[in-house]
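As structure tokens, the structure follows; a few thoughts come after it.
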């Protein structure tokens, strides 16, 4: 079966995590009717492991849950109670891997089987291992719930895999500090910076080659086969927006022509434009958002000259980069860097 890319209106998202949140809140006395209001979901849907909902249903449930509980930190708070083994087959395949880098590749390939709202990239940067979260659809209305939950669940999973008490050194989240964060932050075992260019967590890259205690070649092969079988039976593949982001980052944030992007994604130009429009975005917007974030990151954390940053992002003319960056961030790159140094703006 050919797996097609999903948009925010497709019934493509697994209910693994929101089903867990629903069960916890219901057990604490919150009314099912209030939690499910406006979602068109039933209690039966949320206990059915094969059920898939649309992002709009997912978002409505999350907003209901936050409003009813009054807890802006609901996502990461619930995530701290979630057993990462419940990620399912991808977790079993990762646990039985030989080393941590293999486990990461397994999760990167198969995590969408049970957590289809996000995907991730990972790469080395000096002595660090960067794990960067990429939403499958536009999650901005519930970004803290989605990314915050994923951050806590994966940190707990890394500690389980590596048999370490501390794995994540720090994290950066691409949205403002939420209300109530100061009192909640003590529950997180590492510092988090908000208003960052990307959602990412930072680990020491020495963990990449660390052997895993649960390694078992035969179990691993069987788990991979089961994951592949389940993927083959899944109607939906990775979200189109996530695939576009992967494409742009694969090309080192260069402005890949729209026509080339359509070819690499196996779509006609018309189909690519239409499917992105169905998710209320466009190719140009995704490219601009990614390149703006990467430019801001390089200006903030690297000592590279602005000319070098321009070339790094594929601009042949630094003055064109300066004009484009001003359109992105409201000021030229040099002024942006100076304001960062003075602490007048967040990156």
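Can you tell me how the stretch 1-97 classifies by the Cα gyration tensor, rounded, prolate or oblate, using a/c under 1.5 as the rounded cut? Oblate shape, in that a/c is at least 1.5 and b/c is the bigger or equal ratio. Comparing 296, 277, 80 in a Gaussian network model of the chain where C-alpha atoms under 10 Å apart are linked, the largest mean-square fluctuation is found at 277.
Rg and Dmax over the alpha-carbon atoms of the stretch 240-342 stand at 14.8, 47 Å.
Principal-axis analysis of the Cα atoms of the chain puts helix 269-278 at an angle of about 60° to the longest axis. Relative to the longest principal axis of the Cα atoms of the chain, the long axis of helix 55-69 makes an angle of roughly 80 degrees.
Between residue 169 and residue 316, what FRET efficiency follows from the Cβ-Cβ distance if R0 is 51 Å, with the result rounded to 0.05? Could you put the intermediate results ahead of the total?
Numbers: r = 37 Å, r/R0 = 0.72.
The formula returns an efficiency of 0.90 here.
Full extension of the segment from residue 40 to residue 271, taken as 0.36 nm per residue of separation minus the current Cα-Cα distance, would add 80.3 nm.
Considering only 301, 188, 248, the mean-square fluctuation computed in a Gaussian network model of the chain, springs between alpha carbons under 10 angstrom, is largest for 301.
Full extension from residue 300 to residue 340: what is 0.36 nm times the residue separation minus their Cα-Cα distance, to one decimal in nm?
Details: separation 40, 0.36 × 40 = 14.40 nm, distance 0.69 nm.
Fully extending the segment from residue 300 to residue 340 adds 13.7 nm.
Spin-label model, residue 56 to residue 307: label points 7 Å out along the Cα-to-beta-carbon direction sit 5.2 nm apart.
In what order do 30, 253 fall by count of nearby beta-carbon atoms within 10 Å, going from fewest to most? Don't skip to the end; give the middle numbers.
Values: 30 16, 253 19.
Result, fewest neighbours first: 30, 253.
Taking every DSSP bridge with both residues inside the stretch 13-225, close to 90 percent are antiparallel. Seen against the Cα atoms of the chain and their longest principal axis, helix 217-233 is set at about 80 degrees. In this label model, residue 108 and residue 221 are separated by 2.4 nm, measuring between points 7 Å along each Cα→Cβ vector. At an R0 of 51 angstrom, the distance between the Cβ atoms of residue 23 and residue 126 translates into a FRET efficiency of 0.75.
Within the stretch 162-259, all pairs of alpha-carbon atoms sorted by distance into 5 Å bins from zero give the percentages 2, 9, 10, 12, 14, 17, 19, 12, 5, 1.
In plain terms, the chain from residue 250 to residue 68 could stretch by 61.4 nm, reckoned as 0.36 nm per residue minus the Cα-Cα distance.
Taking the centroid of alpha carbons for each part, the stretch 123-179 and the stretch 47-88 are 16 Å apart. For the pair residue 185 and residue 206, a Förster radius of 30 Å applied to the C-beta separation gives a FRET efficiency near 0.70, rounded to the nearest 0.05. Considering every alpha-carbon pair of the chain, the percent of pairs per 10 Å bin, from zero through the bin containing the longest distance, is 5, 23, 32, 27, 11, 1, 0.
A short reminder: the numbers here are calculations on the coordinates, not readings from a lab. This is a predicted model, so every value here is computed, not measured. Note: ideal-geometry Cβ built from the backbone for every residue, glycine included; neighbour counts use all protein chains shown.
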